[in-house]
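The values are calculated or read from the model by the stated rules, or taken from the named source; none is laboratory data. Remember, predicted model here, so these are calculated numbers, not experimental data. Positions of Cβ are backbone-derived with ideal geometry, glycine not excepted, and every protein chain shown enters the neighbour counts. Keep in mind that these areas ignore ligands, DNA and RNA; they rest on the heavy atoms of the full protein, side chains included. Shrake-Rupley method; radii C 1.70, N 1.55, O 1.52, S 1.80 Å.
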Amino acid sequence: MLRQYLQKLNKDQVLPVKDTEGAVLVIAGAGSGKTRVLTSRIAYLIMGKHVEPSRILAITFTNKAADEMKLRLEKMVGDLDGMWVSTIHSMCVKILRASIPYLGFEKNFSIYSEDDKDRVLKRIINEMELEPDKFLKLAKNAISSAKNSDLSPKEYKEEHIRSQNIGVITEIFSKYQEELKKSNALDFDDLLIKTLHLFEDFPEVLAYYTERFQYVHIDEFQDTNVVQYKIAKLLSSYHGNIFVVGDDDQSIYGWRGAKISNILDFEDDFAGAKVYKLEQNYRSTKNILNCANLIIRNNSSRKDKVLWTENDAGEKPEYYQAYDESAEAEYVATKIKSLIRNGKKASDFAVLMRVNAISRSFEQEFLKYNIPYKVFGGFKFFDRKEIKDLTAYLRAAVNPLDNEAILRVINVPRRGIGDKSIEAIIEYATYCDCSIFEAICANEHLPLNASAKNRIADFKDTLYNLMLEVQNYNAPDFIKLVIEKVNFLSQFEEDTEENESKKLNVSELVNSAEEFVKANANATLTDYLGSITLSSDTDEFDEGNYVSVATIHSVKGLEFDTVFMVGLEETVFPISRATDSEEEIEEERRLCYVAITRARKDLFISRAKSRYLYGNRQITLESRFIKEIIPLLKEKSVGGYNGGYNSGYGNGYNRQDRSQYGYKRDQGSDYGYYSDEAPSRTFGATKSFSSGFKLNANVPKKAESVVQTKFHSGMKVHHKKFGNGTVIAVKDGGKVVDVAFLGFGIKSLATEYAPLEIVK
């Protein structure tokens with residue numbers, strides 16, 4: 001059986017699999033089969049070296065990756081029998097649940113999400129009589145940065161002593177930490193920090209785990225921060241067997257504290273470390289890999305490697321320059337619609353962007369052409385209000401000290417406890433240095449009238465009864481009990497589509513808990529709540545038949561047949577804040593490399609020569625990353641799809657002077673890309689754009705074809721999204737029609753692709 005698995009590996013993959021002792025670094029290029037190497041290595045330890053599974057630790061960076069690794073290993077070796085395969089945060093939760101009393105916390109601690117963190121910070125900032133709009137983001141970023149670097153408020157202040165408002169920010173930080181302690185709660189960063197402190201300050205705890213885990217494996221090592229790196233070193237300090245896999249060219253989380261130096265300096269930090277490179281790519285075509293190699297070689301902070309493949313050459317990546325964001329989205333939508341008609345599925349496509357702020361125009365065009373899509377990077381299921389309200393009840397039942405959870409639901413559903421009553425409760429808790437729940441229990445001492453005290457007493461009784469019952473139910477049954485006892489669905493009684501959706505979400509939460517309990521024997525409600533908080537962006541992706549519209553960060557580790565990489569403009573990609581720092585530009589370039597290597601068969605790259613973003617319309621400059629790979633791209637002519645169309649919004653520029661705009665081929669360029677030499681323009685509110693325009697003589701023109709159209713002005717039509725409308729203009733020989741829709745205005749539609757039906 002083991003021989004069978006090893007035979008599936010290439011010669012470069014076999015070497016690190018069989019190198020089991022000491023420190024090993026595997027530099028695994030995109031699509032080079034690193035997960036197969038990692039799982040084969042663990043299987044080799046168990047079946048070839050007869051290591052007990054419980055002596056093996058495998059750390060990944062997403063729940064989805066951890067679940068996939070477990071499934072692969074179970075197929076290879078059978079029962080995992082005590083092996084830990086999890087994300088690093090989940091591992092830390094497991095360790096803290098067992099040993100956090102050493103640090104003065106209770107084992108039933110709550111885990112605060114980013115939303116919980118925001119609410120606590122806002123409350124602190126308001127109590128300090130500061131401006132939330134000014135200090136919330138500053139304090140939040142400072143706290144995360146400090147924790148990622150393992151700095152206390154005092155240490156952070158000393159390190160940033162010359163920074164503006166540093167005294168106020170570190171005071172907020174200190175109060176935030178005090179609030180977490182009172183609430184017996186940890187935030188996401190604390191899970192790592194507290195585990196590190198547990199290991200550093202209590203040698204007996206560290207000894208237990210370092211002796212237990214004879215072999216430590218870490219995936220996506222390039223994404224580790226300072227604290228994660230220290231934890232990894234400590235865990236492997238007894239046996240010295242640490243096996244890490246990563247790709248320095250895919251280090252894209254510097255803004256979260258990830259240190260690319262962790263992988264670049266691995267050989268210096270672990271004496272005698274062995275390094276292996278995986279350069280054969282199994283995912284992409286030769287032409288896609290050529291682009292990836294060409295762009296990443298411009299980075300200086302990297303280990304040299306060149307991806308290669310035995311796959312076909314494939315098509316050259318296509319580069320399209322549109323006049324504005326609507327034309328760019330139209331190009332993408334009609335291209336996808338055409339490919340779907342030729343046999344592709346919607347799930348074969350991904351539209352990847354640097355920032356999700358530019359997704360709107362693509363969503364609009366997908367609706368127009370009836371293309372199923374899903375946006376990633378917006379509200380996740382567990383971030384929806386009704387779900388966060390319901391899970392706050394669960395958190396309060398498990399951990400009565402969780403101030404944030406109790407304050408969140410004190411008036412959900414509405415029970416007449418107003419702002420004045422809540423303010424009195426908070427003031428009493430602050431004065432007596434007690435929890436919010438204790439203040440609620442002392443409601444008779446609050447400076448409120450009898451009616452307000454009675455309402456608070458009723459809420460206290462509800463919470464107290466839930467706290468008594470929580471031990472008697474599994475997670476899904478307790479959720480059902482909470483829904484019933486607090487009359488949770490009463491707030492959605494009005495018969496509206498939105499309320500129906502909210503009730504379905506509540507039902508789905510119960511279903512989620514049932515699935516969790518089935519998949520995790522003996523799991524508690526606390527375990528389930530932890531799994532919710534630890535979910536990641538990548539975990540959202542499923543097998544549905546839709547186009548994925550996503551930020552590049554959210555698709556790392558995924559792959560698609562066809563990728564559209566959009567918004568390739570300076571200040572968008574690379575993002576504006578990176579342009580003054582070579583280090584940040586290199587991370588942006590790595591992000592571009594990640595986007596390119598998500599594509600298996602086809603890659604389309606586009607940009608808009610004008611974009612409305614952050615309240616202004618501006619002429620854009622071509623991204624430097626385009627210039628770096630231009631020799632390998634197949635260019636489409638500049639312009640709107642099929643020579644232009646009505647954009648449908650009124651705050652743009654007049655397209656009729658496009659021919660004066662000077663989109664000339666750069667005569668000084670070896671590669672013949674289009675330059676941005678253009679006079680300045682005046683922008684302002686105008687009417688909808690005219691569809692006809694002349695291209696510059698230097699731009700190759702598409703031959704006109706005669707199209708027999710069935711549409712004419714005045715005709716009544718129906719669109720699946722926009723409803724009934726009237727054709728007001730037929731253009732380009734019937735290729736494009738302008739239709740006036742009630743409530744949606746005038747839309748310009750390509751008749752070949754738009755879901756239009758003639759109303760008889």
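The residue that is farthest from VAL306 (Cα to Cα), among those in the stretch 249-273 that are open to solvent by less than 50 Å² (accessible area, probe 1.4 Å) and touching a strand residue (DSSP E or B) at 6+ places or on another chain (Cβ under 7 Å), is GLY257.
Going by what's in this entry, would SER554 be described as free of Cβ contacts under 8 Å to residues at least 24 places away in the same chain and at negative phi? In short, no.
How many residues, within the stretch 580-609, are among the polar types (S, T, N, Q) and buried (at least 20 other Cβ atoms within 10 Å of the Cβ)?
Going through the stretch 580-609 one residue at a time, the tally reaches 2.
Within the stretch 287-311, being among the β-branched types (Val, Ile, Thr) and open to solvent by 50 Å² or more (accessible area, probe 1.4 Å) holds for one residue alone: VAL306. Considering the stretch 137-147, the residues that are of a type outside the set (Ser, Thr, Tyr) and open to solvent by 30 Å² or more (accessible area, probe 1.4 Å) include one that is farthest from the chain's Cα centre (by Cα), namely LEU138. Inclusion of LEU463 among residues that are under 22 Å from ASP419 (Cα atoms) and not in a helix (DSSP H, G or I) is not warranted.
Of everything listed in (1) surrounded by 19 or more Cβ atoms within 10 Å (Cβ to Cβ); (2) under 26 Å from GLU635 (Cα atoms), the single unmet condition for GLU570 is (1). Would you check which residues across the stretch 513-534 are touching a residue at least 40 places away in the same chain (Cβ under 8 Å) and open to solvent by less than 60 Å² (accessible area, probe 1.4 Å) and list them? Those that are touching a residue at least 40 places away in the same chain (Cβ under 8 Å) and open to solvent by less than 60 Å² (accessible area, probe 1.4 Å): PHE516, VAL517, ALA523, LEU525, THR526, TYR528, LEU529, GLY530, SER531, ILE532, THR533, LEU534. Entry remark, the stretch 563-584: residues being within 19 Å of ARG256 (Cβ to Cβ) and in contact (Cβ under 8 Å) with a residue 24 or more places away in the chain number 5 in total. The one condition from (1) among the charged types (D, E, K, R); (2) at pLDDT 95 or above; (3) over 30 Å from HIS719 (Cα atoms) that ASP348 does not meet is (3).
Counted as qualifying within the stretch 315-428 are the helices (runs of 4 or more DSSP H) with 3 or more residues that are open to solvent by 10 Å² or more (accessible area, probe 1.4 Å) and of a type outside the set (Phe, Trp, Tyr), namely 325-341, 360-368, 385-398. Does LEU504 count as open to solvent by 10 Å² or more (accessible area, probe 1.4 Å), outside any helix (DSSP H, G or I) and either out of contact with any His (no Cβ under 9 Å at 6 or more places or on another chain) or among the aliphatic types (A, V, I, L, M) (or both)? Criteria not met by LEU504. Please tell me if LYS182 is open to solvent by 10 Å² or more (accessible area, probe 1.4 Å) and closer than 30 Å to ARG408 by Cα. Spelling it out, LYS182 is indeed open to solvent by 10 Å² or more (accessible area, probe 1.4 Å) and closer than 30 Å to ARG408 by Cα. Inside the stretch 419-475, residues that are of a type in the set (Phe, Trp, Tyr) and either in contact with an Asp or Glu (Cβ under 7 Å, 6 or more places away or on another chain) or under 30 Å from ALA523 (Cα atoms) (or both) make up a count of 4.
Taking every residue in the stretch 128-148 that is more than 16 Å from LYS175 (Cα to Cα) and pairing it with any residue that is part of a helix (DSSP H, G or I), at least 6 positions away or on another chain, the pairs with Cβ-Cβ distances below 7 Å are ASN148/ASP189; ASN148/VAL226; ASN148/VAL227. When you check CYS434 against the structure, is it open to solvent by less than 30 Å² (accessible area, probe 1.4 Å) and free of Cβ contacts under 8 Å to residues at least 24 places away in the same chain, yes or no? So CYS434 passes the test. In the condition set (1) within 20 Å of ALA185 (Cβ to Cβ); (2) at pLDDT below 90; (3) assigned to a helix (DSSP H, G or I), CYS434 is compliant with all but (3). Restricting the first member to the stretch 183-210 and to residues that are within 23 Å of ILE242 (Cβ to Cβ) and without any contact (Cβ under 8 Å) to a residue 60 or more places away in the chain, and the second to residues that are assigned to a helix (DSSP H, G or I) and open to solvent by 40 Å² or more (accessible area, probe 1.4 Å), the beta-carbon pairs closer than 8 Å and six or more apart or on different chains are LEU196/LYS230; LEU196/LEU234; PHE199/LEU234; GLU200/LEU234; LEU206/GLU200; LEU206/LEU234; THR210/LEU234.
Looking across the stretch 32-48, the residues that are open to solvent by less than 20 Å² (accessible area, probe 1.4 Å) and either in a loop (DSSP other than H, G, I, E, B) or of a type outside the set (Lys, Arg) (or both) come down to SER32, VAL37, LEU38, THR39, SER40, ILE42, ALA43, LEU45.
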